[in-house]
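First up is the structure itself, then whatever we jot down about it.
Just so it is clear, none of the values below were taken in a lab; they were calculated from the coordinates. Source: prediction; values computed, not measured. Cβ: placed from backbone, ideal geometry, glycine included. Neighbour counts: every protein chain shown.
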Amino acid sequence: MSARDLQSQLQQARRQILTDKYEMSFGEVVTLYRSKEILIHAAYQRMFQWTVSQQTRFIESLLLGLTVPTIYVAQNDDGTWDLLDGLHPVMTVLRLTGDLRDPEGHPVPPLVLEGTARCPALEGMSWSGDVAEEDEEDDVEDERAFNIHLRLDLRRARIRVEILRFQSGASVKLDLFERFNLCGWPFDRAELQEATIALSASGATSRD
C-alpha cells in the first residue's frame with residue numbers, strides 16, 4: 001500500500017467522524033446525568049474497576065485544580081449522549097455526590113475518601129452531611145462532610161468533552177467505543193461485548 005493510498009483512506013475515515021468539543025463543569029455533568037441526558041449503560045457500568053484509593057486520587061486532582069483527561073460521548077438522535085470513554089472519572093464524581101445508580105437503578109453507596117500523601121485530611125471525607133446551601137451561612141455540623149467551598153470547587157472543576165455527532169453513524173460510535181476500551185484497562189471481553197451490544201441498541205434511546 002502506498003503512502004498516497006493510506007492518506008486517502010485516512011481522509012475518508014476522518015470525514016465519517018463528526019465531532020464538537022467544549023469544556024463543561026462537573027456540576028453540569030452531574031445535572032445531565034440526573035436528567036438522563038448523559039447515559040451510562042448498565043453493561044458499561046459493570047466495567048468500572050477503580051479502587052477507592054484511585055477514586056480518591058482523582059477527586060484530589062480535581063480539588064487541586066489539575067487537568068483531567070477528556071471524556072468522549074456520542075450524541076443519539078434524540079439529543080441524549082452515550083458515554084463512550086471517561087467512565088471512571090464520571091462515575092467517581094457521581095458516586096461522590098450520591099447521584100450514581102447501579103445497573104438495576106438503585107442508589108450506589110456514596111464514596112468515602114481515603115487519605116493521600118498530599119492531602120491526608122481527605123481520610124473519611126464524604127459529600128454527605130449537613131452542609132449549608134450557597135446562599136446560606138457556611139455552617140457544617142459534620143466535619144467529615146464536604147463544606148460548601150469544597151463542593152463548589154468540585155462542581156466548578158472543568159473537563160473537556162468531545163461529542164461524536166449522531167450524523168457520524170452507529171458504526172462509528174461502536175468502533176470508537178471498542179477502540180477506547182480495548183486500548184485502556186484490560187476489561188473482560190464478554191463484558192465489553194455486552195456493553196457494545198447495549199450501545200448498538202441505543203441509537204434511538206429515549207429518556208424513559
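Quick notes
- Count Lys and Arg as plus one, Asp and Glu as minus one, and take only other residues whose Cβ is under 13 Å from that of R118; the net charge is then -2.
- Total formal charge among the other residues, if their Cβ is under 9 angstrom from that of M24, Lys/Arg +1 and Asp/Glu -1: 0
- Distance in nm between pseudo-label sites at R156 and A42 (7 Å out along the Cβ direction from Cα): 4.0 nm
- Local electrostatic count at T70 - Lys and Arg +1, Asp and Glu -1, tallied over other residues with Cβ under 9 Å: 0
- Packing-based ranking, highest mean first, of 93-99, 34-40 given that Cβ atoms within 10 Å are counted: 93-99, 34-40
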